[in-house]
Amino acid sequence: MPKVDNAIIMAAGTSSRFAPLSYERHKGLTVVRGEVLIERQIAQLLEAGVPDVYIVTGYKAEQFSYLADKYGVQLVHNPDYLTRNNNGSIWAVRNIMRNSYLCSADNYFAQNPFEAQVDGAYYAAEYAYGQTAEWCMTEDADGFVDSVTIGGSDAWYMMGHAFWDEAYTRQFLSILQNEYDLPQTTQKLWENIYMEHLDVLKMRIRKYEPGVITEFDTLDELRLFDPSYVDNTRSEMVRRVAAELGVPEREIVDCTPLKDNTNEAAGFEFRCKGTKYCVLYANGVLQKVTD
């Protein structure tokens, strides 16, 4: 069984659905149940005996700089984080990946899922009972993933980290090198590339019990997982609009990002007591929105 060479934690993206919290602090640096998300994950990797941890930065990269001194991690900047999907982060560490964990900065692992030795490439998964919009996988008689669909029913779906062994890494990077400069590749997740090449990219499903791996895409989802955010979002923007409306922060719900025609953050929309509002960054004006 090969030893794990390193772990790559992807932290380059803007996590726009996590607005407005992600406008002020990178989502991976959110404090959840008393711990910073990415710090908890780094500690779990080191505890498991993973020798080297790399963090791929992009959006708000400067906020991660303290981790190099605190944990001895190495930071790799992805200069294309605004123009490419996460295949750009893979490209940024193409000379580093071998037998590597591939992680997201914003996952919360209730139990440590990492090991110092891993037998073969896998993608972590939890089981969906009934319909789901997640990326669902099936496996062949040998246990390898033989289909991936976006959405499904009663299926194992991608959730959390992946592990690439050296053979998988070589094959994936060869494909990525051939396709990287194609216009249609720019906005693909690495998982899109994987699902287009299942015949040669051999990976198993690592199955986890419900609740071991958690991710939250919105403030409302975070509040369900960590109720301390119900009345204290740690967001100056939410605090300001709540004060302007004369309501507690718990009344600010259904936050969604607003973007301008350059795809840059322009503000956010939310609901308060049944009324929809938006906050525009350009002038800080709080406006009612007609549905």
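Do we have any residue at all in segment 77-84 that's part of a strand (DSSP E or B) and out of contact with any Ser or Thr (no Cβ under 7 Å at 6 or more places or on another chain)? No, that holds for no residue.
Give the residue that is surrounded by the fewest Cβ atoms within 10 Å (Cβ to Cβ), with candidates limited to residues of segment 219-265 that are in a strand (DSSP E or B) and either touching a Phe, Trp or Tyr at 6+ places or on another chain (Cβ under 8 Å) or at pLDDT 95 or above (or both). Across segment 219-265, the extreme among qualifying residues is Asp254.
Looking across segment 16-29, the residues that are within 13 Å of Ala105 (Cβ to Cβ), surrounded by fewer than 24 Cβ atoms within 10 Å (Cβ to Cβ) and not basic (Lys, Arg) come down to Phe18, Leu29.
Under 22 Å from Trp135 (Cβ atoms) and either at pLDDT below 95 or among the β-branched types (Val, Ile, Thr) (or both): is that true of Phe216 in this structure?
Numbers: under 22 Å from Trp135 (Cβ atoms): yes; either at pLDDT below 95 or among the β-branched types (Val, Ile, Thr) (or both): yes.
Yes: the conditions hold for Phe216.
When only residues in segment 272-285 that are surrounded by 14 or more Cβ atoms within 10 Å (Cβ to Cβ) and of a type outside the set (Lys, Arg) count, which is modelled with the lowest pLDDT? It comes out as Tyr281. For segment 128-144, enumerate the residues that are of a type in the set (Val, Ile, Thr) and crowded, with 16+ Cβ neighbours inside 10 Å. Answer for segment 128-144, where residues must be of a type in the set (Val, Ile, Thr) and crowded, with 16+ Cβ neighbours inside 10 Å: just Thr132.
Going through Ala125, Ala167 one at a time, which residue ends up being in a strand (DSSP E or B) and either surrounded by 15 or more Cβ atoms within 10 Å (Cβ to Cβ) or on the phi < 0 side of the Ramachandran plot (or both)? Before the answer, list the steps.
Numbers: Ala167 fails: in a strand (DSSP E or B).
Result of the check over Ala125, Ala167: Ala125.
Among the candidates Ile55, Ile38, single out the residue that is assigned to a helix (DSSP H, G or I) and under 22 Å from Gln111 (Cα atoms). Quick ask: steps written out before the conclusion?
Details: Ile55 fails: assigned to a helix (DSSP H, G or I).
Exactly one of Ile55, Ile38 is assigned to a helix (DSSP H, G or I) and under 22 Å from Gln111 (Cα atoms), namely Ile38.
Matching residues to (1) crowded, with 20+ Cβ neighbours inside 10 Å; (2) assigned to a loop (DSSP other than H, G, I, E, B):
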position: Tyr157; (1), (2): yes, no
position: Gly160; (1), (2): yes, no
position: Phe163; (1), (2): yes, no
position: Gln171; (1), (2): no, no
position: Ser174; (1), (2): no, no
position: Asn178; (1), (2): no, no
position: Gln187; (1), (2): no, yes
position: Glu191; (1), (2): no, no
position: Tyr194; (1), (2): yes, no
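Selection within segment 145-155: residues that are surrounded by fewer than 18 Cβ atoms within 10 Å (Cβ to Cβ) and not small (Gly, Ala, Ser). The member of this set that is farthest from Ala7 (Cα to Cα) is Asp154.
Just one of (1) at pLDDT below 95; (2) under 30 Å from Ala128 (Cα atoms); (3) surrounded by 18 or more Cβ atoms within 10 Å (Cβ to Cβ); (4) of a type outside the set (Lys, Arg) fails for Ile205. It is (1).
The values are calculated or read from the model by the stated rules, or taken from the named source; none is laboratory data. Keep in mind that what you see is a predicted model, and the values were worked out from it rather than measured. Cβ: placed from backbone, ideal geometry, glycine included. Neighbour counts: every protein chain shown.
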